[in-house]
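Student: Once you've had a glance at the structure underneath, I'll fire off some questions.
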Amino acid sequence: MASEDEPRNVRDILVEMKDASEFALSLAYASLMYQDRELAEEVLGLESELDELRYNLFKTTIVAGRSPKEAEELAALLDIGIAVDEISDAMADLVRLVLKGYPVHPALSWMLYTAEEIIGLVRIEEASPLISMRGEDLYDPANMAGCEVLAVKKKGRWIFDVPPDLELEVGDLLLLEGTKDSIETARALARGENSKPVVPEKPLEKVDEASKEIAERLNSMKSLSELAIYLAYASILYNNPAMASEVSRLEDELDELEDELFAKVITDLLPSSRPEEVIPLIRAASASERLGDAASRMALIVERGVPAHPVLEIVVEESEDTVVRVALREDSEAVGWKIGDLDLEEKTGMWILAIKRGVRWIYAPKDEEILREGDILILTGPKEGVEDAIKVLGGELLED
């Protein structure tokens with residue numbers, strides 16, 4: 001018989017799945033761009049972790065189902081598990097390119113070079129001044145050369161929410177997000193070479209326009225797939241049809257971007273590029289599209305409105321939050337402003353989840369991001385904050 005706290009465990013499983021999925025996505029693209037085998041191995045480890053979480057989800061579902069009616073209601077949990085399996089498989093397929101030694105096409109290099117922020121993996125070595133630094137100090141970017149600490153790996157286990165009393169030790173791994181220069185400076189600190197200057201990399205040379213356009217589309221697909229996964233989990237955890245509906249829109253856009261990228265690769269790259277250079281580009285685009293399909297599968301649970309079994313009812317929280325799209329025009333008050341200077345969340349409760357800028361998507365934009373004419377913003381937050389947010393932004397609400 002299932003224990004009384006088992007339904008709550010389902011929520012814990014889903015939250016862990018969400019965190020691990022997003023983490024695997026970030027690591028997979030970073031490993032591909034850096035050709036970093038260690039990052040690739042971490043993704044395969046996360047794939048195993050997600051497989052175990054999926055198994056636990058299925059086990060809980062089977063135990064909870066006691067009748068045909070309950071079986072139908074619990075099918076939603078099985079759909080989530082299948083979708084998560086597709087996410088982890090897509091990321092694992094991507095990083096196996098690194099482990100097999102496929103070369104990096106200039107389009108991927110350009111994608112890395114033009115990214116405002118990147119992810120880096122840093123190991124603490126014996127001479128590092130970071131040894132014994134406590135968890136409560138890790139969240140201050142000033143202590144990490146301006147980088148944000150996303151996670152710490154200690155004794156083979158990733159820690160997402162670093163406790164204040166954690167102390168860094170030799171061999172610990174830090175997953176950092178920041179500019180290329182700040183990542184390299186943090187890496188020097190981790191080695192104990194903080195006195196050595198970091199020489200910025202020179203701009204890439206001889207990158208043709210076709211490769212740049214492909215890089216732009218790859219970057220958009222990466223951001224779009226991250227956004228779709230986030231919204232899919234959120235739509236389930238908060239039982240929000242608006243978020244689920246947005247996932248379907250994003251999945252359609254991912255399909256279009258994939259078609260555009262394939263056409264560009266075939267017409268502009270294949271005549272002059274080696275096949276082994278082009279394969280990672282194709283795989284990266286296909287992985288993003290597969291993520292969109294998986295996100296759509298999860299969101300469809302909410303869109304269908306299937307009655308929730310008590311196990312799932314505890315997972316979802318009836319929420320007043322919503323998702324809207326707002327377009328910025330030439331005369332919009334927010335054009336030219338940094339996001340952080342708008343105080344949007346403080347004034348309205350709404351916050352900017354993503355920005356669509358031409359063919360490019362910016363997922364989870366930073367406070368320093370400057371809004372531009374033509375930007376389409378995806379906002380999330382309480383329904384009562386929508387009208388005030390539109391006033392602050394001076395934008396136009398886009399209806400379905």
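Student: Just a yes or no: is a residue in region 141-157 under 30 Å from residue 51 (Cβ atoms), assigned to a strand (DSSP E or B) and β-branched (Val, Ile, Thr)?
Tutor: At the first step, the residues of region 141-157 found to be under 30 Å from residue 51 (Cβ atoms) are 148-157.
Add one more test, that the residue is assigned to a strand (DSSP E or B), and what stays is 148-154, 157.
Checking the rest, the ones that are also β-branched (Val, Ile, Thr) come to 149, 152.
There is at least one residue in region 141-157 that is under 30 Å from residue 51 (Cβ atoms), assigned to a strand (DSSP E or B) and β-branched (Val, Ile, Thr).
Okay, residues lined up against (1) of a type in the set (A, V, I, L, M); (2) within 26 Å of residue 219 (Cα to Cα); (3) touching a helix residue (DSSP H, G or I) at 6+ places or on another chain (Cβ under 8 Å):
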position	(1), (2), (3)
359	yes, yes, yes
363	no, yes, yes
371	yes, yes, yes
379	yes, yes, yes
390	yes, no, no
398	yes, yes, no
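Student: Regarding residue 86, is this residue over 26 Å from residue 363 (Cα atoms) and either among the hydroxyl-bearing types (Ser, Thr, Tyr) or not in a loop (DSSP other than H, G, I, E, B) (or both)?
Tutor: no
Student: On the given criteria, is residue 242 in a helix (DSSP H, G or I) and more than 16 Å from the chain's Cα centre (by Cα)?
Tutor: yes
Student: Here's another thing I want to ask about it. Go through region 206-239 and give me each residue that's of a type in the set (Phe, Trp, Tyr) and in a helix (DSSP H, G or I).
Tutor: Within region 206-239, 230, 233 qualify.
Student: While we're on this one: Pick out the one residue from 324, 392, 386 that is surrounded by 14 or more Cβ atoms within 10 Å (Cβ to Cβ) and either within 22 Å of the chain's Cα centre (by Cα) or hydroxyl-bearing (Ser, Thr, Tyr) (or both).
Tutor: Values: 392 fails: either within 22 Å of the chain's Cα centre (by Cα) or hydroxyl-bearing (Ser, Thr, Tyr) (or both); 386 fails: either within 22 Å of the chain's Cα centre (by Cα) or hydroxyl-bearing (Ser, Thr, Tyr) (or both).
After applying the criteria, what remains is 324.
Student: I'm trying to understand the selection: among the residues of region 24-68, which are among the aromatic types (Phe, Trp, Tyr) and surrounded by fewer than 22 Cβ atoms within 10 Å (Cβ to Cβ)?
Tutor: Hits for region 24-68 are 34, 55, 58.
Student: Oh, and also: Evaluate the following for residue 349: is it over 28 Å from residue 216 (Cα atoms), touching a strand residue (DSSP E or B) at 6+ places or on another chain (Cβ under 7 Å) and modelled with pLDDT under 90?
Tutor: Here the answer is no, as residue 349 does not meet what is asked.
Student: Output yes when any residue across region 81-92 is surrounded by fewer than 23 Cβ atoms within 10 Å (Cβ to Cβ), in contact (Cβ under 8 Å) with a residue 12 or more places away in the chain and within 15 Å of residue 30 (Cα to Cα), and no when none is.
Tutor: Yes, because at least one residue in region 81-92 is surrounded by fewer than 23 Cβ atoms within 10 Å (Cβ to Cβ), in contact (Cβ under 8 Å) with a residue 12 or more places away in the chain and within 15 Å of residue 30 (Cα to Cα).
Student: Ok, one more. For region 97-114, indicate whether the set of residues that are in contact with a Cys (Cβ under 8 Å, 6 or more places away or on another chain) and surrounded by 15 or more Cβ atoms within 10 Å (Cβ to Cβ) is non-empty.
Tutor: Taking region 97-114 and keeping what is in contact with a Cys (Cβ under 8 Å, 6 or more places away or on another chain), we get none.
No.
The values are calculated or read from the model by the stated rules, or taken from the named source; none is laboratory data. What you see is a predicted model, and the numbers here were worked out from it, not measured in a lab. Counting neighbours? That spans all protein chains shown, and the Cβs are built from the backbone with ideal geometry, glycine included.
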